[in-house]
Amino acid sequence: MTKSEENYIKAIYHLGGHRSQLITTNAIAEEMDTKPSSVTDMAKKLADKGLVDYIKYRGISLTEKGTKTALSIIRKHRLWEVFLVKKLDFSWDEVHEVAEQLEHIKSEKLIDKIDELLDFPKFDPHGDPIPSKEGEFFERDKQLLSEVSKGQRGICVGVKDTSSAFLKFLDKNKIALGNHIEILEKEDFDNSLFVKIETKEMHISNMIASNLYIKINT
């Protein structure tokens, strides 16, 4: 597979998840920042390789082979992110673009060795699950902080927005995965929150809360 084909497969998976639902060419074109006609051309190539089912005027879905391929690419990407953070001291806002390049390395032996070296991590630095070699991954029970009620407590386990700007904002305000968070107040007007993060109390906007995942303490 070419790098471009792998990027399309990954994009279709991210849009449709593991449900293999039909994704429109327009949605894929927007995700890939290209023209719908280019998506159609690529869909035909991927269909010839047995990676997608393409239904004219309806959309595109991954086949079982396509889903397996997408999960392999995602596995490589997220393992590289862990490797860059844990072994090369990259910050979590730097790793995505580098991993985008490294995910296209073909050597399965290399990826398996990195997985072993990292002691088979289940999650990447942003809290996203890492598929196993068999394509299985652990789904954590989580919800967005914006959906949590006053008085509830939990642990920050992931971010929805993985942009460099958002991650740098979190670093600046000392908000990180693993932090204990308690909802002290919730404003009816704008849904902003007054929270306690570890020992520090602070206000956060609804936009911030809508991009932080929390696992509620039971």
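Restricting attention to region 138-151 and to residues that are loosely packed, with under 11 Cβ neighbours inside 10 Å and of a type in the set (Gly, Ala, Ser), the residue that is nearest to Ile73 (Cα to Cα) turns out to be Ser149. Among the residues of region 52-74, those that are farther than 27 Å from Ile130 by Cα and either touching a strand residue (DSSP E or B) at 6+ places or on another chain (Cβ under 9 Å) or not in a loop (DSSP other than H, G, I, E, B) (or both) comprise Tyr54, Ile55, Gly59. Tell me which residues, restricted to region 198-208, are part of a strand (DSSP E or B), open to solvent by less than 90 Å² (accessible area, probe 1.4 Å) and farther than 17 Å from Ser149 by Cβ. Matches in region 198-208: Lys200, Met202.
The residue list Gly154, Gly135, Gly178 contains one member that is part of a loop (DSSP other than H, G, I, E, B), farther than 25 Å from Ser4 by Cα, among the small types (Gly, Ala, Ser) and open to solvent by less than 70 Å² (accessible area, probe 1.4 Å), which is Gly178.
Looking across region 1-20 at every residue that is in a helix (DSSP H, G or I) and small (Gly, Ala, Ser), the one that is most open to solvent (accessible area, probe 1.4 Å) is identified as Ser4.
Taking the criterion of being crowded, with 18+ Cβ neighbours inside 10 Å and either touching a Gly at 6+ places or on another chain (Cβ under 7 Å) or assigned to a loop (DSSP other than H, G, I, E, B) (or both), the only residue of region 103-120 that qualifies is Glu103.
Contact annotation: residue pairs with Cβ atoms under 6 Å, 6 or more positions apart or on different chains, pairing a residue in region 121-149 that is under 22 Å from Leu167 (Cβ atoms) with a partner that is modelled with pLDDT of 95 or more and of a type in the set (S, T, N, Q), are Leu144/Ser210; Ser146/Asn206; Ser146/Ser210. Just to be sure before I move on: is Asp93 part of a loop (DSSP other than H, G, I, E, B) and either open to solvent by less than 30 Å² (accessible area, probe 1.4 Å) or not basic (Lys, Arg) (or both) in the structure I sent? Judged against the criteria, Asp93 is a match.
The residue list Val157, Val148 contains one member that is within 20 Å of Val195 (Cβ to Cβ), out of contact with any Ser or Thr (no Cβ under 8 Å at 6 or more places or on another chain) and at pLDDT below 95, which is Val148. With respect to the conditions (1) outside any helix (DSSP H, G or I); (2) of a type in the set (Asp, Glu); (3) open to solvent by less than 70 Å² (accessible area, probe 1.4 Å), Glu81 lacks only one, and its number is (1).
Can you name the residue in region 209-218 that is under 16 Å from Gly151 (Cα atoms) and in a loop (DSSP other than H, G, I, E, B) and is also most open to solvent (accessible area, probe 1.4 Å) among such residues?
Thr218
Looking at Asp171, Asp190, just one residue is among the acidic types (Asp, Glu), touching a helix residue (DSSP H, G or I) at 6+ places or on another chain (Cβ under 9 Å) and either over 25 Å from Asp93 (Cβ atoms) or at pLDDT 95 or above (or both), and that residue is Asp190. Taken as a whole, the structure places Phe90 among residues that are closer than 27 Å to Lys172 by Cα and without any contact (Cβ under 8 Å) to a residue 12 or more places away in the chain. Of all residues in region 21-51, those that are open to solvent by 50 Å² or more (accessible area, probe 1.4 Å) and either touching a Ser or Thr at 6+ places or on another chain (Cβ under 7 Å) or not in a loop (DSSP other than H, G, I, E, B) (or both) total 12.
The residues listed here are Phe123, Phe189, Phe169; of these, the one that is open to solvent by 70 Å² or more (accessible area, probe 1.4 Å) and closer than 22 Å to Glu81 by Cα is Phe169.
The values are calculated or read from the model by the stated rules, or taken from the named source; none is laboratory data. Quick caveat, the model's predicted, so the values are computed rather than measured. Glycine gets a Cβ as well: all are built from the backbone with ideal geometry, and neighbour counts include every protein chain shown. Heads up: the accessible areas ignore ligands, DNA and RNA and are worked out on the full protein's heavy atoms, side chains in. Shrake-Rupley method; radii C 1.70, N 1.55, O 1.52, S 1.80 Å.
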